[in-house]
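Novice: Sharing a structure, written as structure tokens. Questions coming.
The values are calculated or read from the model by the stated rules, or taken from the named source; none is laboratory data. Since we're looking at a predicted model, the values are computed, not measured. Note that each Cβ is placed from the backbone with ideal geometry, even for glycine, and that neighbours are counted across all protein chains shown.
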Amino acid sequence: MTRSLCVAVLILWLTGGTGCKTAPKEERQIWRQIKIGDLAPSVKENGRDRAKFLATVLMEVRVFELPGENVDQLDDLWRLLSPKSVYMSSYNAFTDNSFRVKSGRIEAWEKVQQVLTEVGAQRMATLSLSVPDNDTSDMPVADLPTGKVIAFVGNDLSSQTVNVGPGSLVLRLRAEPIPWVRGVRKIIAYPTYTLPTTSAIPQLRVIARRNEFYFPPAAFAAQMGPGDLVVLGPGHYTGEQLTLGGLFFNNPLGGLFFDPAKPNPPQQKPAARLYALICRSISD
């Protein structure tokens with residue numbers, strides 16, 4: 001796996017080689033004017049940033065787990081949200097990878113929370129991410145302590161695999177300003193295999209970045225302002241961790257879940273994850 005392979009995949013993706021015949025034309029509009037090199041986070045050269053950022057998006061991420069057997073009961077949650085303002089390069093590839101995403105407003109959160117409670121979901125973590133304009137921030141998803149083969153569906157709907165070493169799977173978020181609108185950003189999110197490094201040496205970070213692998217078929221973009229939210233979850237529950245969707249959403253070890261409709265004690269069950277991304281503020 002090389003950096004050139006990643007770039008080739010993204011070039012194919014961004015130039016429209018998706019293999020999706022049914023995706024609406026407007027879904028591809030939001031991807032225009034995205035530069036390949038911009039998808040990677042900035043690095044410092046000689047102790048200085050390549051660019052200075054005057055604006056930052058503050059995102060709050062709420063991570064939930066629910067019994068895997070209850071994923072099919074999330075229809076009420078998806079009905080509370082809308083597919084509008086969320087875009088993919090290939091809708092078919094996105095769903096074939098068992099990803100599902102919709103958007104809404106924070107005013108709907110009480111009803112969303114009610115549905116999550118009804119299906120036995122529990123909040124596992126709350127993260128705060130600062131995403132500067134034209135830069136990225138990573139939301140951790142899964143640790144990969146050993147090398148493994150990840151299977152996924154490509155934009156042409158073919159079955160593909162990538163062999164990665166020890167590292168991490170993250171959801172990389174990038175903020176793009178919209179020139180004609182203040183207080184709104186285009187948030188681009190794409191699953192990424194990466195090698196986390198805390199080294200202050202720019203050359204080591206560049207080497208680590210060359211071994212990253214992006215998964216464009218599971219990428220999405222949304223226009224967001226303060227109070228907007230996006231919910232990302234599994235299309236269905238598989239219980240495995242061999243595929244991109246399985247790694248992203250499945251927790252086979254599971255946890256203790258209490259069924260409010262039954263007097264039984266909590267039971268250990270395999271779990272599925274769901275992520276709520278909320279735009280808290282934008283500093284223009």
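Novice: Scan Leu256, Leu229, Leu244 and give me the residue that is closer than 21 Å to Gln73 by Cβ, crowded, with 22+ Cβ neighbours inside 10 Å and either without any contact (Cβ under 8 Å) to a residue 12 or more places away in the chain or of a type in the set (A, V, I, L, M) (or both).
Specialist: Working: Leu256 fails: crowded, with 22+ Cβ neighbours inside 10 Å; Leu244 fails: closer than 21 Å to Gln73 by Cβ.
None of the others qualify; the one that does is Leu229.
Novice: Let me ask you something else. Do we have Ala222 as small (Gly, Ala, Ser), modelled with pLDDT of 95 or more and out of contact with any Lys or Arg (no Cβ under 9 Å at 6 or more places or on another chain) here? Spell out the reasoning first.
Specialist: On the way: small (Gly, Ala, Ser): yes; modelled with pLDDT of 95 or more: yes; out of contact with any Lys or Arg (no Cβ under 9 Å at 6 or more places or on another chain): no.
The answer is no for Ala222.
Novice: Pick from Val162, Val141, Val149: which is within 15 Å of Leu244 (Cα to Cα), out of contact with any Phe, Trp or Tyr (no Cβ under 9 Å at 6 or more places or on another chain) and assigned to a strand (DSSP E or B)?
Specialist: Working: Val162 fails: out of contact with any Phe, Trp or Tyr (no Cβ under 9 Å at 6 or more places or on another chain); Val141 fails: out of contact with any Phe, Trp or Tyr (no Cβ under 9 Å at 6 or more places or on another chain).
Unique residue meeting the criteria: Val149.
Novice: Give the range 120-141 a look and list any residue that's small (Gly, Ala, Ser), within 17 Å of the chain's Cα centre (by Cα) and surrounded by 18 or more Cβ atoms within 10 Å (Cβ to Cβ), or say none.
Specialist: To start, the set of residues in the range 120-141 that are small (Gly, Ala, Ser) comprises 120-121, 125, 128, 130, 137.
Next, only the ones that are within 17 Å of the chain's Cα centre (by Cα) stay: 125, 128, 130, 137.
Ser137, the sole residue that qualifies.
Novice: Is it the case that Gln114 is over 16 Å from Phe220 (Cα atoms) and free of Cβ contacts under 8 Å to residues at least 60 places away in the same chain?
Specialist: Working: over 16 Å from Phe220 (Cα atoms): yes; free of Cβ contacts under 8 Å to residues at least 60 places away in the same chain: yes.
Answer is yes for this residue.
Novice: I would also like to ask the following. Kindly state which helices (runs of 4 or more DSSP H) lie completely within the range 1-115 and contain at least 1 residues that are among the hydrophobic types (A, V, I, L, M, F, W, C), at pLDDT 95 or above and in contact with a helix residue (DSSP H, G or I) (Cβ under 8 Å, 6 or more places away or on another chain). Lay out the reasoning, then the answer.
Specialist: On the way: elements: 3-14, 75-80, 91-96.
Result: 75-80, 91-96.
Novice: Every residue in the range 59-110 that is touching a Lys or Arg at 6+ places or on another chain (Cβ under 9 Å), of a type in the set (Gly, Ala, Ser) and under 22 Å from Phe257 (Cβ atoms), please.
Specialist: Once the filter is applied, which keeps residues that are touching a Lys or Arg at 6+ places or on another chain (Cβ under 9 Å), of a type in the set (Gly, Ala, Ser) and under 22 Å from Phe257 (Cβ atoms), the range 59-110 yields only Gly68.
Novice: Next up: Please enumerate the residues belonging to the range 148-168 that are of a type in the set (A, V, I, L, M, F, W, C), surrounded by 15 or more Cβ atoms within 10 Å (Cβ to Cβ) and in contact with a strand residue (DSSP E or B) (Cβ under 8 Å, 6 or more places away or on another chain). Lay out the reasoning, then the answer.
Specialist: Applying the first criterion (of a type in the set (A, V, I, L, M, F, W, C)) to the range 148-168 yields 149-153, 157, 162, 164.
Within this subset, residues satisfying the condition of being surrounded by 15 or more Cβ atoms within 10 Å (Cβ to Cβ) are 150-153, 157, 162, 164.
Of everything in the range 148-168, those that are of a type in the set (A, V, I, L, M, F, W, C), surrounded by 15 or more Cβ atoms within 10 Å (Cβ to Cβ) and in contact with a strand residue (DSSP E or B) (Cβ under 8 Å, 6 or more places away or on another chain) turn out to be Ile150, Ala151, Phe152, Val153, Val162, Val164.
Novice: Tell me, yes or no, whether the range 249-265 has at least one residue that is farther than 25 Å from Gln114 by Cβ and under 13 Å from the mean Cα position of the chain (by Cα).
Specialist: Taking the range 249-265 first, the residues farther than 25 Å from Gln114 by Cβ are 252-253.
Restricting the remaining residues to those that are under 13 Å from the mean Cα position of the chain (by Cα) gives none.
Within the range 249-265, not a single residue is farther than 25 Å from Gln114 by Cβ and under 13 Å from the mean Cα position of the chain (by Cα).
Novice: Got a sec? Which strands (runs of 3 or more DSSP E) wholly within the range 219-278 have at least 1 residues that are hydrophobic (A, V, I, L, M, F, W, C) and under 29 Å from Arg185 (Cα atoms)? Spell out the reasoning first.
Specialist: On the way: elements: 220-224, 228-234, 250-257.
Counting at least 1 such residues, we get 220-224, 228-234.
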